[in-house]
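One structure below.
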Amino acid sequence: MIKYFQRRLLQAIPTFFGVTILSFMIILSAPGDPVAMITWGPNINTEANEAMRRQLGLDQPPLVQYVYWLVGNDWALIDIDGDGVGETPGDRYGILRGDFGKSIKNKRPVMQQLMQRIPATLRLGVAAITIGFLMGVVLGVLAAVFHGAWIDQVIRLISVVGNAVPQFWLGLLLIIIFGVQLDLLPISGMQNITRRGGFDLADALRHMILPVFVLSLNWIAFLSRFTRTQILEVLQQDYVRTAYAKGLNEKVIWVRHALRNGLLPVATFFGPAIGTVLAGAVIIEQVFAWPGMGKLIIDAVFARDYPVVMGSVVIASLMFIVGVLLSDIMYVILDPRIRLE
Amino acid sequence: MAQRSKITRLEAAQLPSRSFWRDALAFIRRDRLTVFAISVLLVFTLICVLMPVIFENVLNLDVNSTSIPNRFKQPGESGFILGTDQLGRDQFLRLIYGGRVSLTIAYLASFITVFIGISLGLLAGYYGRGVDDLISWGVNTLSAIPPLFLLLIASAVWEPSTEVLVVVLAALGWVGTSRLVRGEVLSLKERDYVLAARALGASDLRILVSHILPNVFSIVMVTMTIIAGNLITIESGLSYLGVGIQPPTPTWGNMLTDSRSYFVSGVHLVFTPGILIMITVICFYLVGDGLRDALDPRRYQQ
């Protein structure tokens, strides 16, 4: 068990470096220039621009830039005035030392900005995964119990449509229906900003209903199908026939054999779910003006604020990698049939 | 029951044998839902490919011609079947042109995705060791980044045309297919017929192309249809975030995105592209489901 954990952890290291290389390379290939985005205007001062570029390290060869980003540049002297002699020590510690650099746009540390946004995304993501898995499994079990009946057909329809509907479009429709026409639910933000006083749970929950529903729909759709197939497959196994043959009552067979074995594989999807929910959050946060990581990364992409973009990608991937690792380990613990070498 | 199936089997044995693909085709023909989904896709594709030619050459219509007096016409009003948008452009025309772009992306990008996925999957699975490590590293890396993040950044920095977007989508989307193919190849390359081919002196390329490839083809076809469906949703998502194909070139995605500003004056603009996307994606998924059943050699065991 420990060995398996160690090996998985070791495998995560090259993956992590791959992520940093890839996000760095995409940014590097970008035609836009962050400095030009800031100093854009009629009174461009070329010299100041050059100085700023040198200060940010944008004049360095790609490999040097990458190394600075990874391990910081506080050990190197930066040549800001362009005379060929470095005079100012760098101020970055690099992502390996927990520092994602500073935002070019507002000079604030990237980590600080991310930490402000991550809780909002987590609130959305955790709720969506919980609802998605619960609803998915419940619907799947219902569909399996009543397979062939109208409930099964309705659930099948939900799952087909739920998979195919573009998330943001569904969000828009829900906003039109529940926000504009019926005026029942808030359509943007995490809470009512005109309200006085501290944290209001009811208000926060009301703000979560629409985005969480949209975000979880994919998983409700997928898992209801998956659970149904799994359970129906388990019901055809020999041990279920044996259970029937020895006269066990139906309920016991369902709970002990069908559900237990049929639902186990659902656990393998916790990992992937984290990834899709993080990705979905990018869109959903935009639709519902939810101040999370997704919105941060979109704003940063358009401002060519590269440290923030790369920082978000790395953090999101780390969350994803850790999530997949945990879900794999959980699965190994849950399913004694898996033997580890 | 048992008696009946025995007779049919006996009869079947006397019939000329059907190849795997012919058999699958016969199975699909009996599967009404799949046939229906395929026909819908065919009709959509034909309309989107042929109609623009007719519009331009016979009717002299221009999809981008704007007309301010005709803004926000409701469906059916003054001869516009599906109404007009915020610039008075004919929504019906734009849907067809948009479909042409969206479907092109779906078909082309899914094809290239699968092509890359198969090639790398075959290489990784067949050669193993260093090649496998390298490709698996790429696979692990790409799949460790939440799917939309890279696409968002890549298409934001490169501001893609249709062709570039197709390449970007494929370059970032091959991971699943490659993983699938690699897994299959790992078991296929141990089969006796591969050993036999090698004993007869077949080259690696020949073994890969004529002995292993045909056997992974069926599962890959299923993935390809699913990917095509996903791509349509992804394209619309990217457009919504403002990094997809830029207007005035219409795609179902950016038409939908434009419409969000006109909830009040043009609700019809919100519905039509979304419904078309949904129908198309559902059809792709249904075809995928149908293919999976048709190409599953185990289906006779049940």
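The values are calculated or read from the model by the stated rules, or taken from the named source; none is laboratory data. Just so we're clear, the structure is a prediction, and the values are computed from it rather than from any experiment. Methodologically, a virtual Cβ is constructed for each residue, glycine included, from the backbone with ideal geometry; neighbour enumeration extends over all protein chains shown. Side chains are part of the model used for accessible areas, which takes the heavy atoms of the whole protein and leaves out ligands, DNA and RNA. Shrake-Rupley method; radii C 1.70, N 1.55, O 1.52, S 1.80 Å.
Distance between the C-alpha centres of the range A:42-68 and the range B:204-237: 44 Å, rounded to the whole angstrom. Under 13 Å from a point placed 7 Å out from the Cα of B:Tyr193 along the Cα-to-Cβ direction: which residues of the range B:112-151 have their backbone N that close? Answer for the range B:112-151: none. Size descriptors for the range A:69-194: radius of gyration and Dmax over Cα atoms are 25.1, 80 Å. Evaluated at q = 0.06, 0.11, 0.12 Å⁻¹, the base-10 log of the normalised Debye intensity for the protein assembly as shown, with identical point scatterers placed on the Cα atoms, takes the values -0.40, -1.30, -1.50.
Between the range A:146-164 and the range A:279-311, the alpha-carbon centres lie 34 Å apart. Taking the Cα-to-Cβ direction at B:Arg18 and at A:Leu70 and moving 7 Å from each Cα, how far apart do the two end points lie in nm? Placing both labels 7 Å along Cα→Cβ, they lie 5.7 nm apart. Taking 0.36 nm per residue of sequence separation and removing the Cα-Cα distance, the A:Arg97/A:Thr229 pair yields an extension gain of 42.9 nm.
A Förster distance of 30 Å, applied to the separation of the beta-carbon atoms of A:Gln153 and B:Phe217, puts the FRET efficiency at 0.35.
The heavy atoms of A:Leu56 offer some 50 square angstrom of accessible surface to a 1.4 angstrom probe. Spin-label pair A:Arg108-B:Ala171: with each label point 7 Å from Cα along the Cα-Cβ axis, the two points sit 3.3 nm from one another. On the basis of the beta-carbon distance and an R0 of 45 Å, A:Asp238 and A:Tyr4 show a calculated FRET efficiency of 0.90. Once the gyration tensor of the Cα atoms in the range A:197-341 is diagonalised, the equivalent ellipsoid follows with semi-axes of 40, 20, 13 Å, ordered largest first. Largest accessible area first, the listed residues B:Arg89, A:Arg123, B:Arg198, A:Arg260 line up as A:Arg260, B:Arg198, A:Arg123, B:Arg89 when surface is computed with a 1.4 Å probe on the assembled protein chains.
3J(HN,Hα) along the range A:60-72: 6, x, x, 4, 5, 4, 5, 5, 4, 5, 6, 10, x Hz, from the Karplus curve 6.51 cos²θ - 1.76 cosθ + 1.60 with θ = phi - 60°, whole Hz, x for Gly and Pro. Mean residue ellipticity, 222 nm, helices only, the protein assembly as shown: the sum of -39500 (n - 2.57) across DSSP H runs of n ≥ 4, divided by residue count and rounded to 500, is -22500 deg cm²/dmol.
Applying 1/(1 + (r/R0)^6) with R0 = 25 Å to the Cβ-Cβ distance of B:Val49 and B:Asp293 gives a FRET efficiency near 0.30.
For a label point 7 angstrom out from the Cα of B:Leu200 toward its Cβ, which stretches of the range B:211-226 have the backbone nitrogen within less than 11 Å? Residues B:211 qualify, since their backbone N sits under 11 Å from the label point.
Surface analysis of the protein assembly as shown yields an accessible area of 51 Å² per residue, using protein heavy atoms and a 1.4 Å probe. Hydrodynamic estimate: the Kirkwood radius of chain A over Cα pairs, inserted into Stokes-Einstein at 10 °C and 1.306 mPa s, corresponds to D of 68 µm²/s. Compactness of the range A:113-181, taken as the C-alpha radius of gyration over 2.2 N^0.38 Å, stands at 1.45. When accessible surface is computed with a 1.4 Å probe, chains A and B are found to bury approximately 3700 Å² between them, both chains counted. The percentage of C-alpha pairs in the range A:138-230 whose separation is greater than 19 Å is 52%.
Inter-label distance, B:Glu159 to A:Ile21: 3.1 nm, where each label sits 7 Å from its Cα along the C-beta direction. Taking the square roots of 5 times each eigenvalue of the Cα gyration tensor of the range B:143-292, largest first, gives ellipsoid semi-axes of 41, 17, 11 Å. Loop-located trypsin sites (Lys or Arg not before Pro) across the range A:129-205 with a Cβ neighbour count of 12 or fewer within 10 Å are A:Arg195, A:Arg196, with loop assigned by DSSP. Peptide A:15-25 has a mean of 4 when you count, residue by residue, the C-beta atoms of other protein chains within 10 Å of its C-beta.
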